[in-house]
1. Work out, step by step, the length gained on full extension between Arg41 and Tyr100: first 0.36 nm times the residue separation, then minus their alpha carbon distance; give nm to one decimal.
2. Using the Cα centre of the chain as the reference point, and only Cβ charges (+1 on K/R, -1 on D/E), how large is the resulting charge dipole? Debye, rounded to the nearest 20.
3. Each residue of the range 219-229 in turn: what ³J(HN,Hα) in whole Hz from Karplus with 6.51, -1.76, 1.60 and θ = phi - 60°, glycine and Pro shown as x?
4. Given bins 10 angstrom wide, list per bin the percent of all Cα-Cα distances in the chain, short to long.
5. List, in order, the whole-Hz ³J(HN,Hα) value for each residue of the range 13-25 obtained from phi through the Karplus relation with A = 6.51, B = -1.76, C = 1.60 and θ = phi - 60°; use x for Gly and Pro.
6. Could you compute Rg(Cα) / (2.2 N^0.38 Å) for the range 1-143, with N its residue count?
7. I want to check the label-to-label distance for Glu170 and Arg129. Put each point 7 Å from Cα in the C-beta direction and report it in nm to one decimal.
8. Tell me, Ser47, Ser151 in order of fewest to most beta-carbon neighbours within 10 Å?
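Nothing in this text is a laboratory measurement; each read-out follows from the coordinates by a stated rule. This one's a predicted model, so the numbers in the text were calculated from it and none came from an experiment. Here the Cβ is made from the backbone with ideal geometry for all residues, glycine too, and neighbour counts use every protein chain on show.
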Amino acid sequence: MIACDCAVCRSTDPHNRRLRPSILIERNGFSLVVDTTPDFREQCLRSNVRRLDAILYTHEHNDHLTGLDELRRFCALDDRRLPAYGPKRVIESIERMFPYAVHRPPPYKGLPELDLREITGPFDLGPFRITPHELPHGATKTLGLIFADASGPVFAYYTDCAAVPPSAREGLRGIPLLILDALRHRPHPTHLSIEQALEVVREVRPGRALFTHICHDLDHAATNAALPEGAALAHDGLVVEV
Ligand SMILES: [Zn+2]
Ligand SMILES: [Zn+2]
């Protein structure tokens, strides 16, 4: 956190240095990113991201959206308009905030060029069948995303949710990997706490649970030491194979 002197913000453990939440997914040469955070450029440089085939958006909050301009590099590399999927609220936010990114033809070269596609239900993208579930997130809703291939569900990404309703839990049962919002120990009006996230994990029993959207209340090592087996805090740069 900016201008904070707490033990986590002053920590020398690199796991305690957290940029905004986002994931990159790669399979069979297909590459997609979920959300373009204000840190998107730094995240791409740090992880040496070379190409993108699509962008998925979970919700319209700025900490998941405003790195969008940096997509221009990936449009230029492949000289193409990139498909960007999201719920209606995200589509409307992008059209309002980044009109030049959706204008055809582009006002000039060098801008991000997006082909907006509204998510209204399950859809196919690259090697995945993606099933969205609306999750409560304060004044708005976010999309929890379940990624499946021919063998069945592979992993789920549920960030920025205040709860996981029963309908959004069904597809999670026994899933190999669940990435789930867990902000801090204390309750929060728009995010799951560690305890609430663990309740979901105990019910749906994923092969592995990783918590994300972590705030500076949580020291990485101390929190992980106290979590049950199979559940852990994620961290920046973490690579997981499923
Ligand atoms: Zn702090
Ligand atoms: Zn949010």
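1. On the way: separation 59, 0.36 × 59 = 21.24 nm, distance 1.91 nm.
Length difference between fully extended and current span is 19.3 nm.
2. On the way: 28 positive and 32 negative charges, 61 e Å.
Here the size comes out at about 300 debye.
3. 6, 4, 5, 5, 5, 4, 4, 9, 7, x, 4
4. 7, 32, 37, 20, 4, 0
5. Karplus values, whole Hz, x for Gly and Pro: 6, x, 5, 8, 9, 10, 8, 5, x, 6, 9, 10, 10.
6. Values: Rg = 16.1 Å, N = 143, 2.2 N^0.38 = 14.5 Å.
Relative to the rule-of-thumb radius for its length, the range 1-143 sits at 1.11.
7. Using points 7 Å along Cα→Cβ, the separation is 1.4 nm.
8. By the 10 Å Cβ count, ascending: Ser151, Ser47.
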